[in-house]
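First comes the structure, then the notes that go with it.
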Amino acid sequence: MADKIVQYFLNSFNGISPKAVVFWVSMLPIVELRGGILAGYALGVPLGINFLLAFVGNMIPIPFILAFIRMILRYFKKTRFRKIVIALEKRARNKSGKISKGAYWGLYAFVAIPIPGTGAWMGTLIAALLKMNKKKTLITITLGVITAGIIMSIISYGVIAHFRT
């Protein structure tokens, strides 16, 4: 599924700088840094620049999500988006069991392991709903994003590149 999303963005951003594509794709929920690094690899962005752009793009929304998500969710529960918010909270709570057992180690693993449904956005939402310490959460998510970036870089520039030649 992530491949289809990345391909959609590659087609949609036709004519835009490959570096800008990496940055913007990495800011989006679901695809995040994982999609940004794959997109950058597909567009020929050098590894170091790709990693940096994907990391920064993925991390920019995180402090804002952490600071305001509970207030935003409370507001939207009073609107016609109530069902969407409740479904989002339910999804986060369902995934929170993986995190709450080991607290910050669980959060780190949740963000670091680049599989569908994990990442900085969902990790931040879960941490906010569990009322985890914001400073520790931000540090933990940053380390998780760095780890996910290393894993995705190895997959993209190592494994995939090896099989393409």
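The values are calculated or read from the model by the stated rules, or taken from the named source; none is laboratory data. Computed from a prediction, not measured in an experiment: that's the story for all the values here. As a convention, Cβ positions derive from the backbone with ideal geometry for all residues, glycine included, and neighbour counts pool all protein chains shown.
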Would you mind stating whether residue 80 is at pLDDT below 90 and more than 17 Å from residue 151 (Cβ to Cβ)?
no
The lone condition residue 80 fails out of (1) at positive phi; (2) out of contact with any helix residue (DSSP H, G or I) (no Cβ under 6 Å at 6 or more places or on another chain); (3) charged (D, E, K, R) is (1)
Suppose we keep only residues that are touching a Pro at 6+ places or on another chain (Cβ under 7 Å) and not charged (D, E, K, R) within the range 27-44. Which one would you say is surrounded by the most Cβ atoms within 10 Å (Cβ to Cβ)?
40
Suppose the filter is assigned by TED's automatic domain parsing to the domain that holds residue 85 and surrounded by fewer than 17 Cβ atoms within 10 Å (Cβ to Cβ); does residue 112 pass it?
no
Just give me the residues in the range 113-146 being part of a helix (DSSP H, G or I) and either under 16 Å from residue 27 (Cα atoms) or touching a Pro at 6+ places or on another chain (Cβ under 7 Å) (or both), in sequence order.
120, 121, 122, 123, 124, 125, 138, 141, 142, 144, 145, 146
Close pairs (8 angstrom Cβ cut-off, 6 or more residues apart or separate chains): more than 30 Å from residue 113 (Cα to Cα) and not assigned by TED's automatic domain parsing to the domain that holds residue 119 in the range 74-102, surrounded by 14 or more Cβ atoms within 10 Å (Cβ to Cβ) and at pLDDT below 75 anywhere
none
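Look through the range 111-146, keep the residues that are of a type in the set (Ser, Thr, Tyr) and under 12 Å from the mean Cα position of the chain (by Cα), and return whichever of them is modelled with the lowest pLDDT. First the steps, then the outcome.
Pass one, the range 111-146, residues of a type in the set (Ser, Thr, Tyr): 118, 124, 137, 140, 142.
This time we only want the ones that are under 12 Å from the mean Cα position of the chain (by Cα), so: 118, 124, 142.
On the way: 118: 89, 124: 93, 142: 98.
Of everything passing the filter in the range 111-146, 118 is modelled with the lowest pLDDT.
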Working only within the range 138-159, note down all residues that are in contact (Cβ under 8 Å) with a residue 60 or more places away in the chain and buried (at least 22 other Cβ atoms within 10 Å of the Cβ).
141, 145, 148, 149, 152
